[in-house]
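Engineer: I'd like to ask you about the structure that follows.
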Amino acid sequence: MPGGTAGAIVHALKYAGWSGVAEGMAERMARVPWPRDVVQERSMVVATPLAPARERERGFNQSALLGRALASRWQIPFVSDCVVRARATETQTRLTPEERRNNVSGAFRASQNARERLRGAHVVLVDDVVTTGATLSECATTLFESGARIISIVTFGRAPAAGDRAH
């Protein structure tokens, strides 16, 4: 988790069920200055999917809440069914960078109707926090292999990984 107030907000969203903070988080994420070409050609927002069991446990996918709010602000579609979890993964919170990559390898797949929607698209992939980038990289690879032309990534925060030299 990011530290300080940002870390507390992410923790409250993910683990305390404070889904209402997603709107404020997305408002701040929407302020990120994007290059003009990205703003002009981004065609959809896609959230990093959760495993169904984890989503049932939380009652929501925090990345989807952020993605919907961002898409609304940017006035582009939020597409919730392009990428799905192919299998559940262990929580990444205590894994090293290499363990994280192995943990999410093959964890995502494109849905049946994804190829048509993704063909040539500039997709903005959303997650709450990036640590090593393993999850986002694996998800982006799935999008790219399914026809997306460009994948831009936006997160609320950056957390140190267990294997980082400085915390």
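The values are calculated or read from the model by the stated rules, or taken from the named source; none is laboratory data. Keep in mind that what you see is a predicted model, and the values were worked out from it rather than measured. Cβ: placed from backbone, ideal geometry, glycine included. Neighbour counts: every protein chain shown.
Engineer: Just to be sure I understand the filter: pairs with C-beta atoms under 6 Å, separated by 6 or more residues or on different chains, first member in segment 65-92 and among the basic types (Lys, Arg), second member in a strand (DSSP E or B). Which pairs pass?
Structural biologist: As it stands, the answer is 68/78, since those pairs meet every condition given.
Engineer: Is one or more of the residues making up segment 128-151 modelled with pLDDT under 90 and of a type in the set (Lys, Arg)?
Structural biologist: No: segment 128-151 contains no residue that is modelled with pLDDT under 90 and of a type in the set (Lys, Arg).
Engineer: Listed residues 106, 120, 133, 157; which is closer than 19 Å to residue 14 by Cα and free of Cβ contacts under 8 Å to residues at least 40 places away in the same chain?
Structural biologist: Testing whether each residue is closer than 19 Å to residue 14 by Cα and free of Cβ contacts under 8 Å to residues at least 40 places away in the same chain leaves just 133.
Engineer: Still on this structure, I have one more. Select, from 143, 136, 125, the only residue that is of a type in the set (A, V, I, L, M), within 18 Å of residue 50 (Cβ to Cβ) and touching an Asp or Glu at 6+ places or on another chain (Cβ under 7 Å). Step through it out loud before you land on a result.
Structural biologist: Details: 143 fails: touching an Asp or Glu at 6+ places or on another chain (Cβ under 7 Å); 125 fails: touching an Asp or Glu at 6+ places or on another chain (Cβ under 7 Å).
Checking each option against the conditions leaves just 136.
Engineer: Wholly within segment 69-167, which helices (runs of 4 or more DSSP H) include no fewer than the required count, namely at least 3 residues that are within 23 Å of residue 19 (Cβ to Cβ)? Spell out the reasoning first.
Structural biologist: Values: elements: 97-104, 114-118, 134-145.
Counting at least 3 such residues, we get 134-145.
Engineer: As an exercise: evaluate residue 57 against (1) closer than 23 Å to residue 144 by Cα; (2) modelled with pLDDT under 95; (3) surrounded by fewer than 21 Cβ atoms within 10 Å (Cβ to Cβ) and give the number of the one condition it does not meet.
Structural biologist: (1)
Engineer: Let me ask you something else. Somewhere in segment 33-45, is a residue within 16 Å of the chain's Cα centre (by Cα) and within 25 Å of residue 160 (Cα to Cα)?
Structural biologist: no
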